[in-house]
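First the structure, in the form of structure tokens, and then the observations on it.
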Amino acid sequence: MTAEMAASAHWSLDKDSVFPKTAIPANIDRQNYSIFPRKFYVDIERCCIQCRRWFIFFANEQKHWFEGLGFYVDADCTKCVDCRKNDQNIKLMQKRYQILSVKKGRNAKETSEIKRIALELFQLGYIKDQTIVDRIG
């Protein structure tokens with residue numbers, strides 16, 4: 001497969017660095033698209049919008065996104081794996097914080113856990129007021 005063929009696999013690929021030799025066929029029947037399906041997937045070089053590191057959005061990962069998870073084929077991977085995992089961990093911390101913050105009669109272990117989570121969320125800037133962390137106890 002040539003670079004031109006890879007770029008023509010989907011309209012969004014014409015501006016990206018693609019690796020044509022990594023092409024795998026797509027199953028258009030399993031894609032969620034309105035006009036232009038992806039004919040095949042190729043590894044694509046991207047720059048993470050969060051940490052600014054370069055990463056590869058792998059063809060197999062795209063196949064999973066667009067055919068397995070049902071993401072719309074025009075969706076774009078804008079963050080590297082590390083930043084996506086970090087975002088997921090923060091969401092899990094926020095969810096756990098929410099559950100523990102409304103729980104009546106927290107035990108000592110749960111109080112210690114919510115204090116640790118609150119402090120981490122404060123240090124990351126998700127909790128803006130230090131007194132929220134200080135009041136946990």
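Hey, does segment 78-85 have a residue that's under 11 Å from the mean Cα position of the chain (by Cα), without any contact (Cβ under 8 Å) to a residue 24 or more places away in the chain and closer than 30 Å to residue 123 by Cβ? Checking segment 78-85: at least one residue is under 11 Å from the mean Cα position of the chain (by Cα), without any contact (Cβ under 8 Å) to a residue 24 or more places away in the chain and closer than 30 Å to residue 123 by Cβ.
Pairs needed: first member in segment 113-127, in contact (Cβ under 8 Å) with a residue 60 or more places away in the chain; second member anywhere, outside any helix (DSSP H, G or I) and surrounded by fewer than 18 Cβ atoms within 10 Å (Cβ to Cβ); C-beta distance under 6 Å; at least 6 residues apart or different chains. Close Cβ pairs satisfying both conditions: none exist.
The C-beta contact set for segment 23-39 (first residue open to solvent by less than 90 Å² (accessible area, probe 1.4 Å), second residue among the charged types (D, E, K, R) and modelled with pLDDT of 95 or more, distance under 8 angstrom, 6+ apart or interchain) comprises 24/63; 26/63; 26/67; 27/67; 31/67. Inside segment 1-56, residues that are modelled with pLDDT of 95 or more and among the aromatic types (Phe, Trp, Tyr) make up a count of 2. Within segment 95-112, the set of residues being loosely packed, with under 14 Cβ neighbours inside 10 Å and either in contact (Cβ under 8 Å) with a residue 12 or more places away in the chain or not charged (D, E, K, R) (or both) comprises 98, 99, 101, 102, 105, 107, 108, 112.
Does residue 55 count as under 28 Å from residue 24 (Cα atoms), surrounded by 13 or more Cβ atoms within 10 Å (Cβ to Cβ) and touching a Pro at 6+ places or on another chain (Cβ under 6 Å)? Please lay out each step first, then the result.
Working: under 28 Å from residue 24 (Cα atoms): yes; surrounded by 13 or more Cβ atoms within 10 Å (Cβ to Cβ): yes; touching a Pro at 6+ places or on another chain (Cβ under 6 Å): no.
No; evaluated as a whole, the condition is false for this residue.
The values are calculated or read from the model by the stated rules, or taken from the named source; none is laboratory data. Since the structure is predicted, the reported quantities are computational estimates derived from the model, not experimental observations. With ideal geometry, Cβ positions are generated from the backbone for all residues, glycine too; neighbour counts draw on all protein chains shown. Each accessible area value is taken on the protein alone, full model and side chains, heavy atoms only, with ligands, DNA and RNA left out. Shrake-Rupley method; radii C 1.70, N 1.55, O 1.52, S 1.80 Å.
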